[in-house]
1. Filter segment 339-362 for residues that are part of a strand (DSSP E or B), closer than 11 Å to F324 by Cα and out of contact with any helix residue (DSSP H, G or I) (no Cβ under 7 Å at 6 or more places or on another chain) and give the result.
2. Are there any pairs, at least 6 apart or on different chains, whose C-beta atoms fall under 8 Å, with the first in segment 153-177 and at positive phi and the second modelled with pLDDT of 95 or more and β-branched (V, I, T), and if so, which?
3. Just checking, which of T124, T98 is in the same structural domain as L167 (by TED's automatic domain parsing) and closer than 22 Å to L171 by Cβ?
4. Quick check on this structure: which one of F309, F324, F353 is touching a Cys at 6+ places or on another chain (Cβ under 7 Å) and not β-branched (V, I, T)?
5. Of the residues N352, N269, N330, which is in contact with a Lys or Arg (Cβ under 6 Å, 6 or more places away or on another chain), under 25 Å from W225 (Cα atoms), surrounded by 15 or more Cβ atoms within 10 Å (Cβ to Cβ) and of a type outside the set (G, A, S)?
6. What's the total number of residues in segment 256-307 that are assigned to a strand (DSSP E or B) and within 13 Å of L335 (Cβ to Cβ)?
7. Given the conditions (1) among the small types (G, A, S); (2) in a strand (DSSP E or B); (3) touching a Lys or Arg at 6+ places or on another chain (Cβ under 9 Å), and given that G119 satisfies all but one, which numbered condition is not satisfied?
8. Please tell me if E161 is closer than 21 Å to Q191 by Cβ and in the same structural domain as E195 (by TED's automatic domain parsing).
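The values are calculated or read from the model by the stated rules, or taken from the named source; none is laboratory data. Bear in mind the structure is a predicted one, so any value in this text is a computation, not a measurement. We place every Cβ from the backbone using ideal geometry, glycine too, and count neighbours over all the protein chains shown.
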Amino acid sequence: MNRAGALPLLVLTLLVAACGDADRSYEVEDVRTYRGKAERVPIGTTSAERFGYTRAEPPAKPTFTWTTPDGWKTWAGSDMRAASWRVEGEPETDCSFTLLPGRAGDALSNINRWRRQMGVAPVTAEEVAKLPRAKLLDRDALYVNIVGRYDGGMGGAPIEEGRLLGLLLELPSGGLFLKFVGPAGVVAAQQGAFEELATSIKMASPGGTKDEGTPRRAWPPKMQWTLPSTWEQRAERRGRVVTAGPKGAANVECYIYPLVGDGGGLDLNVNRWRRQMAQEPLNEAQIRELERVTVLGKPAVLVKVDGSFDGGMGGEGVETAQLFGLVSANDGWLLTVKMTGPAKAMASEWDNFRAFCASLRD
């Protein structure tokens, strides 16, 4: 008898004997043996591949329109923002419009987060309830006006005598934040412009701008690549097409990050990277002198920056670091490729970075 079938039969016989009369015996003739084929699941198989379901596409992000105040200009800011502005000629100013979906924290915690950034004491829920309101998306948003020492936020320089104007609107789907910081005198003089900007912001579409006559562009843009033989692909990260890096060098990473529209343009992104490395911005003439290559059939700019990396969006800072970057304008989107790490580990990776960028294809 097959041993796989003998064990269930033995167990059944023992159970019947234990539960029935000791003088009676039972014979079981119908014995069935399961002979299913065991299949080994390959390493790296996703749950969708194993169980045959299709992962639903995330809902499109809402899009917004606004009127930029006179004397202000848009800039690249960080990847988390819907938009960023600065007062022309005032590089320490920064106005950001951010939508945080899901649990973005309540009004009290977010206002006290801003107050911590300004080096002032927290407020209570009762004090928050008494704050003035101003219009944002045609709704009443909490309005704060805080004077103090600004800590610089995400990698920025501290401002000893700073001011923060902020509008916070809680929605069922998340939180909307319009925040303006800079030197106290400059922000005070621009308070009217800030309020005009707030009232001008409108939602173009709750799920992205719709054009019934034009097929929606796939996002992120589809592309392929070839990794250098000494590199490895790493875990997926939100917003990135791919993340990779040298094998055995976890503190060095390279990733492709596409930006919608012009993404702030070439100059702003190059200087954003330089700012992350604590370097002075380049002027237009200096940017024109940067090396050009062709990637995805479009002209692209290559940059290499030495300095002290601020860690980017919540990452760990590196005192002696290098940053490699590539930026290229495509049809309706901006391609950015960025690689950072300790200078010693990056020293032998420039050719690999160039080869990786050159390998990108539709």
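1. Selection gives T340, G341.
2. G153/V181
3. Among T124, T98, only T98 is in the same structural domain as L167 (by TED's automatic domain parsing) and closer than 22 Å to L171 by Cβ.
4. F353
5. Sole residue among the options that is in contact with a Lys or Arg (Cβ under 6 Å, 6 or more places away or on another chain), under 25 Å from W225 (Cα atoms), surrounded by 15 or more Cβ atoms within 10 Å (Cβ to Cβ) and of a type outside the set (G, A, S): N330.
6. The number of residues fulfilling the criteria is 13.
7. So G119 meets the others, but not (2).
8. yes
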